[in-house]
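The values are calculated or read from the model by the stated rules, or taken from the named source; none is laboratory data. This is a predicted model, so every value here is computed, not measured. Cβ placement follows ideal geometry from the backbone for every residue including glycine, while neighbour counts extend to all protein chains displayed.
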Amino acid sequence: MLTEIETEVVVAGAGPTGLMLAYELALAGVETLVLEKLHQRSEQVKGGGIQPRTAELLESRGLLEPLLQRAVAQDPAGGHFAALPVPLDCAPWRTRHPYPIAIPQWQIEEVLEERAVAAGARVMRGTAVSGIESDNDGVVVTTGGPQVRARYLAACDGGHSTVRKLLGLPFPGRPGTHQAVLADIRLSAVSSLVPRRLGHMSNLTRHAGGHWAVLVPLGGDRYRITFGRVGQADRTDDSRDIPVTPEEITTALQAVYGHETTLGAVDNASRFTDATRQLEHYRAGRVLFAGDAAHIHPPLGGQGLNLGIQDAFNLGWKLAAVVQDRAPRGLLDSYHAERHPVGAQVLQRTSAQRVLAAPNPSEDVAALRDIFIDLLRLPDTNRHLAGLMSGLSLSYELPGEHPLTGRRMPDADLVTEAGPTRLSTLFGSGHAVLLDLAGTVPAGLRLPPRVDLVRATCTDDLGAVALLVRPDGYVCWAADSAAASGDTLLAAIAGDLAGMH
């Protein structure tokens, strides 16, 4: 007899995006089941970097500290654009985490899964999605084992998403023209060209002997190498499943880092292409898409993992509100409205970096690189690109006239009745926060569920005396001293609390 499982939300895929979403949903009290086709986690480094904005979001849920304990030791270095030799400076964006954090993807998944399960989510491994039926009340997901009935399905099952294919959704964009190898390796001997410690990307990138390579030290004899052939486009999507051989890795290693560099072991290896694609719609009825299932692009600038985790932060609180029947009409549609443009911008930035990062640039591209390096040395240009690549400058187009509306809030120092604290600590429960910095919020204001009123003082100027901050850390309402009075304030806050988007 076919076993049937009922849950409120089923998540396909136990990568960083799916597990982050599962944690957010479970934190809100939503019954969540994650289906993962692999029987055990792949201990491959893959996406190995947490950008500053992602670090802020993870810290707001108390998830950053266990990740920092697993991070790869590195010299403090700013982010990069196309591996150009000018670090991106995030200091002007008022963040406590100005540098990317290096940590293997599988360890990120391990922490997120542990916390998601502790919050009440369930993870079923070795369970591949094989069929989907949807109606006005929910979805039925068929697997090789149980059949799962849920109100919503979140597809977080990667760039080759089974869910996307089962629904027959087009995935428009540009097919891969170049292929590269990503491998976790151990070196038994190294030349002077091999980097000894993780630093800025420009110091980790080399090309010689007809190959380009990025060699990232992970501690001891362990390295992550990404490499390809210069100017060769003979292998694309059709050949990405061809096994990577130790001989192939050795050839690239010795071409770029010299014959003294000796491969000791290959822990795992895979191929990827520079394909760039994005779903036209992140929602198909009761099915929503996030992470690589919704968008793929070359790994230039370390954007992919962070884009997916931030998709999950945006979707999680909205989907929870809809499932629990406390959301206004259109809230779930705002997920696509807000995140699709962000994904499109990331695809555009990676396309630009493909040109500038070419390992064997033409004379024209070399000239463009030189000009771009000069531009990166200008504070305003550097600040702009640092904000884009780190995610710190992201701002959503939300209703409201206040200049803070739609923007992220820096992690300011606050003093509440309980004593000194930081803004980030107020979001550990996944609630929205109505922050009153001047006693302007009426005492009789009735707040909806999962919205916390916090009265505090702040020595920094946050640009408003009262702010309503969404669970994902973005301001959806703010008032300055001129607007903060009596019934006008009460009506304005009540209206935005009802909409929350």
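Inside region 449-497, residues that are more than 28 Å from the chain's Cα centre (by Cα) and either at pLDDT 90 or above or loosely packed, with under 13 Cβ neighbours inside 10 Å (or both) make up a count of 20. Only one entry in Arg470, Arg455 is of a type in the set (Lys, Arg) and closer than 21 Å to Trp317 by Cβ, namely Arg470. A single entry from Gly209, Gly168, Gly231, Gly176 fulfils the requirement of being at pLDDT 95 or above and either out of contact with any Pro (no Cβ under 8 Å at 6 or more places or on another chain) or loosely packed, with under 12 Cβ neighbours inside 10 Å (or both): Gly168. The test for being surrounded by fewer than 22 Cβ atoms within 10 Å (Cβ to Cβ), under 17 Å from the mean Cα position of the chain (by Cα) and at pLDDT below 95 holds for Ala71. Scanning region 341-351 for residues that are out of contact with any strand residue (DSSP E or B) (no Cβ under 6 Å at 6 or more places or on another chain) and either buried (at least 19 other Cβ atoms within 10 Å of the Cβ) or within 20 Å of Leu84 (Cβ to Cβ) (or both) gives Gln345, Val346, Gln348, Arg349, Thr350, Ser351.
Does Ser395 fit the bill of being closer than 23 Å to Gly79 by Cα, surrounded by 19 or more Cβ atoms within 10 Å (Cβ to Cβ) and of a type in the set (S, T, N, Q)? In short, no.
Kindly indicate whether any position in region 110-124 is more than 25 Å from the chain's Cα centre (by Cα) and not hydroxyl-bearing (Ser, Thr, Tyr). Checked against the condition, which is being more than 25 Å from the chain's Cα centre (by Cα) and not hydroxyl-bearing (Ser, Thr, Tyr), region 110-124 yields no hits at all. When we screen Leu388, Leu331 for residues that are under 18 Å from the mean Cα position of the chain (by Cα) and touching a residue at least 40 places away in the same chain (Cβ under 8 Å), the only hit is Leu388.
Output the residues belonging to region 417-447 that are among the polar types (S, T, N, Q) and either touching a Gly at 6+ places or on another chain (Cβ under 9 Å) or not assigned by TED's automatic domain parsing to the domain that holds Ala478 (or both).
Ser424, Thr425
Criterion applied to His178, His211, His207, His200 was being more than 23 Å from the chain's Cα centre (by Cα) and closer than 23 Å to Pro100 by Cβ, and the one residue passing it is His207. Within region 88-126, being touching a Gly at 6+ places or on another chain (Cβ under 7 Å), modelled with pLDDT of 95 or more and in a helix (DSSP H, G or I) holds for Trp93, Glu109. Considering Leu263, Leu319, Leu288, Leu331, the condition of being assigned to a helix (DSSP H, G or I), touching a helix residue (DSSP H, G or I) at 6+ places or on another chain (Cβ under 9 Å) and either modelled with pLDDT of 95 or more or within 28 Å of Phe427 (Cα to Cα) (or both) is satisfied by Leu319 alone.
For Leu319, the criteria (1) among the aliphatic types (A, V, I, L, M); (2) under 20 Å from Glu397 (Cα atoms); (3) touching a Gly at 6+ places or on another chain (Cβ under 6 Å) hold in every case but one, which is (3).
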